[in-house]
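For reference, the structure discussed in these notes is given below.
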Amino acid sequence: TEAEKRGIPTELALLPVIESSYDPGATSNAAAAGLWQFIPSTGQLYGLKQTATYDGRRDVVESTRAAYDFLTSLYNKFGSWELALASYNAGPGRIQQAINRNAAAGLPTDYWSLRLPEETMNYVPRFLAVAQIVQNPDRFGVRLNPIANRPHFRQVALPGVVDLGLVSQITGLTSQEIYELNPAFRYGQTDPEAPGRLLIPNALSADMDNKLSRMPT
């Protein structure tokens, strides 16, 4: 839905398959974190707050916004989604250097013509392969469990910093269920630097929004 709003390829929603296997708790050896695997500096550049009790790189909504902002800026810079994806993996500086080398040698400067690190050369084909498999799993002998095309969660405004244990009591959700939708919050509470909202399952009754908006801070 977010990709459609922006008019960018909806296949980009599959990039976390490669980055994190859709695990917002994932952390790499290079200190990249979250669904979209932002390193701290790039996260800060795209507005992802990182404090002692909140890591916006793990925020499902905020990190997706930041990733699409980042990918769109890379597309605007390089003029192709293949080069944008390669830059997302290797950094725009390294991709620009490879383009400059080819241009100086009179060679084509599209992604497929560049000499890049092996990981980056494999990155775009892996993404394209995932997109093809999801689009036509039967062709590749893959069975994908069906997922209903409707929102799983909704956003609820909070009155301030709240205790997630109390959220659990009010909503009847387990601490694990709250964490899975709100993995950016550390130590069992929200954060004043974070967006003032919580994600809850859509299956909860509508009156839960009012209860949460009036809970103690």
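The values are calculated or read from the model by the stated rules, or taken from the named source; none is laboratory data. All values derive from a computational prediction rather than experimental measurement. No Cβ is skipped: glycine too gets one built from the backbone with ideal geometry, and neighbour counts run over all protein chains shown. Side chains are part of the model used for accessible areas, which takes the heavy atoms of the whole protein and leaves out ligands, DNA and RNA. Shrake-Rupley method; radii C 1.70, N 1.55, O 1.52, S 1.80 Å.
Worth a mention:
- Percent RCO, i.e. relative contact order, over the chain, from Cα pairs under 8 Å lying at least 6 residues apart: 19
- The residues neighbouring residue 72, those whose beta-carbon lies less than 11 Å from its own, together hold a net charge of +2 under the Lys/Arg +1, Asp/Glu -1 convention.
- Cα radius of gyration and Dmax for segment 104-164 (Å): 21.2, 61
- Within-13-Å neighbourhood charge of residue 156 [Cβ basis; K, R +1; D, E -1]: +2
- Over segment 129-217, equivalent-ellipsoid semi-axes from the Cα gyration tensor in Å: 34, 14, 11
- Restricting the trypsin sites (Lys or Arg not before Pro) of segment 108-141 to loop positions (DSSP other than H, G, I, E, B) with no more than 13 neighbouring Cβ atoms within 10 Å leaves 115.
- Stokes-Einstein diffusion for segment 17-106, with the hydrodynamic radius set to the Kirkwood value over Cα pairs and evaluated at 25 °C in a medium of 0.890 mPa s, equals 178 µm²/s.
- Over all directions, the projected convex hull of the C-alpha atoms in segment 75-200 averages 12.2 nm² in area.
- Estimated purely from DSSP H runs of n ≥ 4, each contributing -39500 (n - 2.57), the mean residue ellipticity at 222 nm for the chain is -13000 deg cm²/dmol once divided by its residues.
- Residue 54 - accessible surface, heavy atoms, 1.4 Å probe, Å² rounded to 10: 0
- Shown for the chain is the translational diffusion coefficient from the Stokes-Einstein equation, using the Kirkwood radius over Cα pairs, a temperature of 25 °C and a viscosity of 0.890 mPa s: 128 µm²/s.
- Counted by Cβ distance under 11 Å from residue 23, the other residues give a net charge of -1, where Lys and Arg count +1 and Asp and Glu count -1.
- Highest mean packing comes first when the peptides 210-216, 90-96 are listed by Cβ atoms within 10 Å, giving 90-96, 210-216.
- Charge dipole of segment 84-191 (Cα centre as origin; +1 on each Lys and Arg Cβ, -1 on each Asp and Glu Cβ, all else neutral): 340 debye, rounded to the nearest 20.
- Sorted on the mean count of surrounding Cβ atoms within 10 Å across their residues, most packed first, peptides 6-18, 74-86, 100-112 read 74-86, 6-18, 100-112.
- Ligands, DNA and RNA left out, the accessible area of segment 111-217 computed with a 1.4 Å probe is 50% carbon and sulfur.
- Mean accessible surface per residue for the chain, computed with a 1.4 Å probe while every protein chain stays in place, in Å²: 55
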